[in-house]
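Everything on this sheet refers to the single structure shown next.
Bear in mind that the values in this text are calculations on the coordinates, not laboratory data. Owing to the predicted nature of the structure, the values given are computational and were not obtained by experimental measurement. Glycine also receives a Cβ, built like all others from the backbone with ideal geometry; neighbour counts cover every protein chain displayed.
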Amino acid sequence: MIKSISLGIALIISLAVSVVLVRAIDSRRIKTQPQFGDEPLYVSPTTAKHLSLAFNGLAADWYWMRSLQYVGGKIVSFEDTHTESFTLSDLDVHLLPSLLRMSTALDPKFLPPYEYGAMLLPELNSDEAIALVNSGIANNPSSWRLYQHLGYIYWRLGDYDKASATYAAGATLPGAPAWMAAMGARMKADGGSRDAAREMYRHLDESSNDKSVKEMVERQLMRLDDLDEREAIRNVLTGYKEKNGRCLASWRDIANELRALRLTVDASGAPLDPSSTPYELIKNGCDVGLDINTKVPFK
């Protein structure tokens, strides 16, 4: 009973200190007008570490949560003012690298910010992404998952040799699954193929418990499925034009051919993309594109 009471008191004190800590750190920032938003972090990681005393982990958690809220707020704001799909570069999340660096500086052993940065930062700044994950590897040299994420970044850059070497290095670590070595070999053979990409994303999904990483993987897998589907649809459109001497007037004209390809077709005959949104006929019926309301990433 005494131990339980002591633990409860310690928890309350820790939470109280964390609140004071956050306010102390925020008080060091220059106050800006709300319309400017996105004020820079005026506290350096070193200063924040000194201010947090023995509560670095709590401070790291706070900056990690702030990173998620920052990106989430940008997404909500974009969706409130736009109807089209978006990529990360459309959101102007220039503070994200600083927020992730702050979190990892306060708690270098905290892996989720490294994973999140590896998935998102390559779209903004690949050098920032590589630096963040390399710092994670330096602080967590036995984590094969960080090698997996670094290999992913190099793959995104099209540097399949470095991706291969990174996967191979991670495969030598204790606890690394056998597929790490297999991915190292595959990167050299066909790193640019969609099948290799699917395998990479599948392993990222299986090896991460981070909800944000899983959501990113889901979006990228939808994009890969979309690329395959549009390629198949274009082949049907080309065959129709060669046979009839003109482009398509309506999806109904090729609905049977699309069903034969095991594509889902709606009542109007339009094929549905991986987010269940009808594809759009473009270029006067000669090509297929994504509808503006789709949830599939455009790139």
Next item on the list: At most 14 other Cβ atoms within 10 Å and a DSSP loop assignment: could you name the chymotrypsin sites (Phe, Trp or Tyr not before Pro) in the range 84-186 that fit?
Entry: Phe86
Notebook entry, point to check: What does the charge add up to near Leu281, with Lys and Arg as +1, Asp and Glu as -1, over the other residues with Cβ less than 15 Å from its Cβ?
Noted result: -2
Notebook entry, point to check: Tally Lys/Arg at +1 and Asp/Glu at -1 over every other residue whose Cβ is under 9 Å from the Cβ of Lys295; what's the total?
Noted result: 0
Next item on the list: Would you be so kind as to identify which of Gly289, Thr264, Ala232 lies farthest towards the positive end of the dipole of the range 231-289, taking Lys and Arg as +1 and Asp and Glu as -1 on Cβ and the Cα centre as origin?
Entry: Ala232
Notebook entry, point to check: Could you give the nm distance between label points at Leu224 and Ser89, where each point is 7 Å from its Cα heading toward the beta carbon?
Noted result: 2.2
Next item on the list: Just need log10 I(q)/I(0) for the range 231-289 at q = 0.16, 0.23, 0.26, 0.30 Å⁻¹, Debye formula, equal scatterers on the alpha-carbon atoms, no solvent, rounded to two decimals.
Entry: -0.41, -0.88, -1.14, -1.49
